[in-house]
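Working notes, beginning with the structure itself.
The values are calculated or read from the model by the stated rules, or taken from the named source; none is laboratory data. In this text, all values refer to a predicted model and were calculated from it rather than measured experimentally. Positions of Cβ are backbone-derived with ideal geometry, glycine not excepted, and every protein chain shown enters the neighbour counts.
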Amino acid sequence: MADRFDCIVIGVGGMGSSAVHNLAKRGQRVLGLEKFDIPHTEGSSHGVNRIIRLAYYEDSSYVPLLRRAYEMWNEIESIAGEQLLYKVGSIDTAPSGHEVFEGSLESCLEHDIPHEVLNHQQINDRFPGYQMPTGQMGLYQKDGGFVLSERAIVAYVNAAIAAGAEIHARESVVKWETEGDGVRVFTDRSEYTADRLVITAGAWAAGMVPSLEELAVPERQVLAWLQPEEPALFAPENFPVFNAFFEEGRYYGFPVFGIPGFKIGRYHHLEEVVDPDHVDRGVTQEDEDILRAAAARYFPKANGTLMTLKTCMFTNTPDEHFVIDVLPDTPQVSVAAGFSGHGFKFASVVGELLGDLAIDGKTNHNIDLLRLNRF
């Protein structure tokens, strides 16, 4: 006879670990299934840290979710007894009139977020690790920073287990099917039944939900860590995280933290759509050249010895907004997918959203932007 649970969560990465914890602390008998190790380096959450910011050019309707995310990062920090969120400030920078700058400014004005508008010279004078070109504008927000992504997953998993959750690593889901008002999940080890199913499978989401094939598309991404020539300029107290639009594309970066080097990436690196089971995890000279060229031009004092190159994956939706919803025609199944390279900062609140959808079938948070019916 299959083991029975109130809820099963497929995928125990950033979103899934938070969901397992949220469900367990609300009294659910919950099973988390992860095909890899916990944490692992196969998906989208490795590489030390992820940016968090309140100024949000992607859409100002994310801001209420972000405010709740900050609260819930503080909650898991208290439970874990460990700092996971580092407020080093954030800069969104682009030429005047570009959405990266204007959208960030709009979100701050709409939601009364404290901020400073800086021109290129003010950015460079205040943060000498930056070398912004003439005409570049910046929005500085003091509450921006980064979350320790792998440590956060560990914290959520430990808290979930302490709250009564059962979590299996290295157990792959083969398929799931509805069974009356519930679900049955088949893995390479066993089978399980539950009243509710939550799918947080990251780059493997479409494999679990075929209707997401065109809506959650995996893409190869590369990050570089470069040893600064003047390390003090890139210490967390001197170097805010950034999202930047330059003529070469859209980039993001971090101060030195956790492993040696200033960290930089380019959104949609080479625009390589991939099969997550067969993605090329090797790195090339072209990968390095793309990232080093931006560092040399805009952060020249960071453009030293290459310390590390890592691959990961984005999972992109057509509009680059997330998918968080109950599946049509299967109200016992909810999904969170397609975080499009800007999702981890929300992991703390996504767990709450998924707990709401699994237990109540609805949430009081406004997630209209994230519903499946927009496609």
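For the reader, a short list of remarks on this structure follows.
- Matching residues, the stretch 311-350, being closer than 22 Å to PHE254 by Cβ and surrounded by fewer than 19 Cβ atoms within 10 Å (Cβ to Cβ): GLU320
- Residue match in the stretch 22-37 (condition: crowded, with 24+ Cβ neighbours inside 10 Å and either farther than 16 Å from ILE161 by Cβ or free of Cβ contacts under 8 Å to residues at least 60 places away in the same chain (or both)): no
- Residue within the stretch 270-290 that is closer than 27 Å to GLN141 by Cα and not acidic (Asp, Glu) present: no
- Some residue of the stretch 123-131 being surrounded by 15 or more Cβ atoms within 10 Å (Cβ to Cβ), more than 22 Å from the chain's Cα centre (by Cα), under 25 Å from VAL48 (Cα atoms) and hydroxyl-bearing (Ser, Thr, Tyr): yes
- All positions within the stretch 171-188 that are surrounded by 16 or more Cβ atoms within 10 Å (Cβ to Cβ) and farther than 16 Å from GLU34 by Cα: GLY182, VAL183, ARG184
- For the stretch 98-160, the strands (runs of 3 or more DSSP E) that sit wholly inside it and include 3 or more residues that are at pLDDT 95 or above and out of contact with any Phe, Trp or Tyr (no Cβ under 7 Å at 6 or more places or on another chain) are 136-141.
- If you go through the stretch 219-242 and keep only what is touching a His at 6+ places or on another chain (Cβ under 7 Å) and not polar (S, T, N, Q), you end up with GLU219, ARG220, VAL222.
- Selection of strands (runs of 3 or more DSSP E) fully inside the stretch 260-375 by the criterion of at least 2 residues being within 20 Å of ILE199 (Cβ to Cβ) returns 306-316, 323-327, 330-337.
- Test: residue in the stretch 68-87 that is under 15 Å from the mean Cα position of the chain (by Cα), of a type in the set (A, V, I, L, M) and within 16 Å of HIS342 (Cβ to Cβ): yes
- Residues (under 22 Å from the mean Cα position of the chain (by Cα) and at negative phi) located in the stretch 173-206: LEU197, VAL198, ILE199, THR200, ALA201, ALA203, TRP204, ALA205, ALA206
Here's the yes/no breakdown for (1) among the hydroxyl-bearing types (Ser, Thr, Tyr); (2) buried (at least 24 other Cβ atoms within 10 Å of the Cβ); (3) at pLDDT 95 or above; (4) assigned to a loop (DSSP other than H, G, I, E, B):
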site	(1), (2), (3), (4)
TYR192	yes, no, yes, no
LEU197	no, yes, yes, no
GLY207	no, no, yes, no
LEU215	no, no, yes, yes
ARG220	no, no, yes, no
GLU237	no, no, yes, yes
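- For the stretch 54-97, a tally of residues being among the aliphatic types (A, V, I, L, M), under 19 Å from MET15 (Cβ atoms) and assigned to a helix (DSSP H, G or I) returns 7.
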